[in-house]
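Everything below concerns the one structure shown next.
The values are calculated or read from the model by the stated rules, or taken from the named source; none is laboratory data. Quick caveat: nothing in here was measured; it's all calculated off a predicted structure. So basically every Cβ, Gly included, is an ideal-geometry build from the backbone, and we count neighbours across all protein chains shown. With ligands, DNA and RNA removed, areas are computed over all heavy atoms of the protein, side chains included. Shrake-Rupley method; radii C 1.70, N 1.55, O 1.52, S 1.80 Å.
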Amino acid sequence: ILNVEQSPQSLHVQEGDSTNFTCSFPSSNFYALHWYRWETAKSPEALFVMTLNGDEKKKGRISATLNTKEGYSYLYIKGSQPEDSATYLCAAANQAGTALIFGKGTTLSVSS
Amino acid sequence: NAGVTQTPKFQVLKTGQSMTLQCAQDMNHNSMYWYRQDPGMGLRLIYYSASEGTTDKGEVPNGYNVSRLNKREFSLRLESAAPSQTSVYFCASSDTGWDSPLHFGNGTRLTVT
């Protein structure tokens, strides 16, 4: 079973700040890396799925990068807004394909 | 489109009772999954079905059984509930497996006393 680590565990920023989180995963036999946004009292919502080394994806003010050789992905939020407050989950799958393993998440709180 | 629909939303069971959590998706997805969420833990995979007619164990399958009834429906059964199965259960589906995004249901909060 893969070990997927996310840091920091939680983060508090002011409105307008830019921030980033890290997801670490085993680089051997990598298959796919997912990012999800999870708001309180809702279900997780997919942000990105990345499979290739060097992938960069963007959705509005949120972007993500992937380094499969060293086993990490960054999620960036530019100009944080209070509505960005949520827990951000990453998940990784390897080529054995038996599971998509989730990290414990980074909880972001944005103050206005 | 409703997406992924789970029933019930809440359930309280006594130790030893059985129940089935229902899940249906209307996106014509091939793969379906059951996860559980516990405080301080990430989402953990219980069982998944890569395609209609197949099911496989995930990280934490003990105490559970599943049925992929058809392409739309994937149920999770607790034969003899235990307090350790108190959790929030999420069903999810995806188009083609681990390289496509998961779409989650709204969750079932289960308490076993």
Can you tell me how many residues within the range A:1-16 are within 11 Å of another protein chain (Cβ to nearest Cβ) and either outside any strand (DSSP E or B) or at pLDDT below 95 (or both)? 5
How many of the residues in the range B:63-84 are buried (at least 19 other Cβ atoms within 10 Å of the Cβ) and free of Cβ contacts under 8 Å to residues at least 60 places away in the same chain? 5
Residue that is nearest to the other protein chains (Cβ to nearest Cβ), among those in the range A:17-42 that are farther than 22 Å from B:E59 by Cα and open to solvent by 50 Å² or more (accessible area, probe 1.4 Å): A:K42
Please determine, by comparing only the residues of the range A:1-54 that are free of Cβ contacts under 8 Å to residues at least 12 places away in the same chain and of a type in the set (D, E, K, R), which one is nearest to B:L102 (Cα to Cα). A:E45
Answer yes or no as to whether B:V60 is over 22 Å from A:V49 (Cα atoms), within 14 Å of chain A (Cβ to nearest Cβ) and in contact (Cβ under 8 Å) with a residue 40 or more places away in the chain. no
I need a count of the residues in the range A:43-82 that are surrounded by fewer than 16 Cβ atoms within 10 Å (Cβ to Cβ), farther than 22 Å from A:L11 by Cβ and more than 12 Å from chain B (Cβ to nearest Cβ). 4
Please specify each residue of the range B:91-109 satisfying the condition of being more than 7 Å from chain A (Cβ to nearest Cβ) and within 12 Å of the chain's Cα centre (by Cα). B:C91, B:A92, B:S93, B:T108, B:R109
Restricting the search to the range B:57-71, which residues are modelled with pLDDT of 95 or more and of a type in the set (K, R)? B:R68, B:K71
Where residues in the range B:2-33 are within 12 Å of the chain's Cα centre (by Cα) and open to solvent by 60 Å² or more (accessible area, probe 1.4 Å), which of them is farthest from B:N106 (Cα to Cα)? B:Q22
Is it the case that the range B:37-49 has a residue that's in a loop (DSSP other than H, G, I, E, B), more than 13 Å from every other protein chain (Cβ to nearest Cβ) and open to solvent by 60 Å² or more (accessible area, probe 1.4 Å)? no
